[in-house]
């Protein structure tokens, strides 16, 4: 089972819709270290922690219940420019993107951190996984 299949399955099979697939691809792109200095999963989590979301991030990585995050908190964490760019790619308003990310991001991070720990050696070739999903 591939990483995207695992995450999609953990999200209750939401991957069937084009919008959910596109959102999942966006989230996985945020988690990949594509050589643009993003830092992958660890970099994303650090960015969120520095924005005051440490308690939420720790709950997503940990083995207990995931604490919620609001669209406004994500807007503040990512900044207006980054949210606008991501929203434009998705064809959404920044508010709609924030609402969708606030639902998906905690679940994806939770699924990628089994046993309450960041994966050793990164997440592998997410670019390749995304490419194979796009060809389906």
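The table below lists the values:
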quantity: Subset tally (residues that are surrounded by fewer than 18 Cβ atoms within 10 Å (Cβ to Cβ), in contact with a helix residue (DSSP H, G or I) (Cβ under 9 Å, 6 or more places away or on another chain) and either part of a loop (DSSP other than H, G, I, E, B) or modelled with pLDDT of 85 or more (or both)) for the range 27-39; calculated: 5
quantity: Of all residues in the range 81-93 being within 19 Å of residue 31 (Cα to Cα) and free of Cβ contacts under 8 Å to residues at least 60 places away in the same chain, the one that is surrounded by the most Cβ atoms within 10 Å (Cβ to Cβ); calculated: 83
quantity: Residues of the range 101-114 that turn out to be closer than 19 Å to residue 19 by Cα, surrounded by fewer than 19 Cβ atoms within 10 Å (Cβ to Cβ) and in contact (Cβ under 8 Å) with a residue 60 or more places away in the chain, as a count; calculated: 2
quantity: Residue check, residue 54 free of Cβ contacts under 8 Å to residues at least 12 places away in the same chain and exposed (fewer than 15 other Cβ atoms within 10 Å of the Cβ); calculated: yes
quantity: Odd one out for residue 71 among (1) closer than 24 Å to residue 91 by Cα; (2) modelled with pLDDT under 95; calculated: (2)
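The values are calculated or read from the model by the stated rules, or taken from the named source; none is laboratory data. Since the structure is predicted, the reported quantities are computational estimates derived from the model, not experimental observations. Positions of Cβ are backbone-derived with ideal geometry, glycine not excepted, and every protein chain shown enters the neighbour counts.
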